[in-house]
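The values are calculated or read from the model by the stated rules, or taken from the named source; none is laboratory data. Model, not experiment: these values are computed from the prediction. Counting neighbours? That spans all protein chains shown, and the Cβs are built from the backbone with ideal geometry, glycine included. Note: areas computed on protein heavy atoms with side chains; ligands, DNA, RNA excluded. Shrake-Rupley method; radii C 1.70, N 1.55, O 1.52, S 1.80 Å.
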Amino acid sequence: MNELLTPHEFTNHDAALAKAEQGVANLASVRNNRWYPRFHIASNGGWINDPNGLCYYGGRWHVFYQLHPYGTQWGPMHWGHVSSEDMLHWQREPIAFAPSLEEERNGVFSGSAIVDEHGDVRFFYTGHRWANGTDNTGGEWQVQMLATPENPNDAHLQRLTKRGVVVDCPREQVHWHFRDPKVWNTDGTWYMTFGVSSADQRGQMWLYTSTDLEHWSFDRVLFEHPDPNVFMLECPDFFPVTAPDGSQKWVIGFSAMGAKADGFMNRNTNNAGYMIGTWNPGESFQPETEFRLWDWGHNFYAPQSFTAPDGRQIMYGWMSPFVQPIPMENDGWCGQLTLAREITLGEDGDLHTTPMRELEGLRGSTKDFDNSTLGVNEELLIADTATATELEIEFDLTQSTAERISLHVHETQDGSFTNVAFDAQMGRIVLDRVANARGDKGYRAAPLDAAELQSSHLRLRVFVDRGSVEVYVNDGHQVLSSYSLPSSGPRAIRLIAESGTATINRLVRHELKSIGLE
Ligand code: FRU
């Protein structure tokens, strides 16, 4: 037995969970639904951040997330939980973790799940303490911990048993940050990586190995970020992908703290992205690409992926409200996850992330607009009022002369809207919130490559929920996810050909059903 595996309870877990459920219920009872999602995962009440413990177990999809049950700002972390049989209808499950052990006294931080070859599930997460016992001024003390289901036959995973620490922190080699374990198996050996700020404050991912998932030993530094400004890699991810020619690559993903904005890149407070490269056991990761963003929107962070039983790599991100004001904090809830995305490596050597194909099942009534050309400065009203809508749009750029083809979403009678635009001058897809009445403003702009810019079929899938918009460009070659918090009254969607024409090959509007968490 691993002597580290001794849970040291400072409070009763069941009592802490019951108290947290009450905290969420109190906030849910005063919740305002004006921006509360219909088809994205959010907590009933309270603050959420990172997706955690993603897995398919017992015939159900499980999504856990960082939860603060007592307020709408970040605070002592718990794990909330929802599950679904089909990715379309979700149900709330009991809160999975509240701080109850010494080693996680100030928070049950992010972590992941694995389902082993026998079908057993295990959860690895970070136990967090403030080093001075009270606040962040004295640094952090973090360790990696294990949990297992109390009843493996419960497909709902309603009760998890904490098993204690599996990786302690060599604190003299670490500057505070040591968290967010991700576990996988290669050739019969278990590997764990997590984010570390080294003693000289470089952002690193460390690699540990195990044969039994309980005893772990340090193997090497898997990766160090080349930018000395980057001091921590939060929520690291590491998985293989198969290229169209059958060759295997490895993807390293992380949420980098400290990188400076550079042109259109890294505009958010912290930014999540990936590199593609190679890895073999006994080696460090060898990147073959530069750092690329998973998502160019204002609000995307801390994604986590997992492997579905059919081999697809599925990712959820957190729509992080980085910048004040954050108006939903006054509504009893704060924060939602993105849609589930399938990650694939395309012919172009880049990753594509498209909404998981199951999500087409959310489509209810559909309106197919005829293909048409908007004349110079002409407008087309796509919806008078839309709260849960998906648009499929295809433009012929070879025939369009507009300097900008703008799609106003959440357009309200006070004149505010969010603009999703193909900007011909910039050569980018722009998500612009400058005309928003509420919340953080600013714009973000995702690149199009030379072929995409001359394409007769630029494709956009735009998902408009009550308080957010997600834009998938050319089957997920680029994505932008942002909060968009409309004013009161009907929320129109309108297309405008600015100072030129826009040729539309295809325009379809789908009303989307609720996923059942409202
Ligand atoms: C990322 C993060 C993780 C940490 C968690 C705490 O958003 O800071 O590194 O485990 O959130 O809530």
Kindly provide the helix-only [θ] at 222 nm of the chain, computed as the sum of -39,500 (n - 2.57) over DSSP H runs of four or more divided by all residues, to the nearest 500 deg cm²/dmol?
-1000 deg cm²/dmol
Label-point separation, H156 to S499 (7 Å along Cα→Cβ), nm
5.8 nm
Does region 124-258 come out rounded, prolate or oblate by the C-alpha gyration tensor, with a ≥ b ≥ c the root eigenvalues, rounded set by a/c under 1.5 and, if not, prolate when a/b is larger than b/c and oblate if not?
oblate
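In Å², and per residue, what accessible area does region 363-512 have when probed at 1.4 Å with the other protein chains present? Please list the in-between numbers first.
Values: 5440 Å² over 150 residues.
Dividing the accessible area of region 363-512 by its residue count gives 36 Å².
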Taking protein heavy atoms only, a 1.4 Å probe, and rounding to whole percent, the accessible area of the chain owed to carbon and sulfur comes out at 47 percent
Quick one: angle between helix 13-28 and the longest Cα principal axis of the chain, in degrees between 0 and 90, rounded to 10, please.
20 degrees
Would region 1-107 count as rounded, prolate or oblate if I go by the C-alpha gyration tensor, calling it rounded below 1.5 in a/c and otherwise prolate when a/b exceeds b/c, oblate otherwise?
oblate
Tell me, how many Å apart are the Cα centres for region 401-440 and for region 158-193?
43 Å
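Sorted by packing (mean other beta-carbon atoms within 10 Å per residue), highest first, where do 13-24, 195-206 land? Please list the in-between numbers first.
On the way: 13-24: 16.8, 195-206: 21.2.
In descending order of packing, they fall as 195-206, 13-24.
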Sparsely packed GluC sites (Glu not before Pro) within region 249-330, loop by DSSP, other Cβ within 10 Å at most 14
E283, E288, E290
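Given a cut-off of 35 Å, what percent of all Cα-Cα pairs of region 13-355 lie beyond it?
Details: 9334 of 58653 pairs.
Looking at region 13-355, the distances longer than 35 Å represent 16 percent of pairs.
Can you give me the accessible area per residue for region 13-355, using a 1.4 Å probe, in Å²?
Numbers: 11920 Å² over 343 residues.
Spelled out: the 1.4 Å probe surface of region 13-355, per residue, equals 35 Å².
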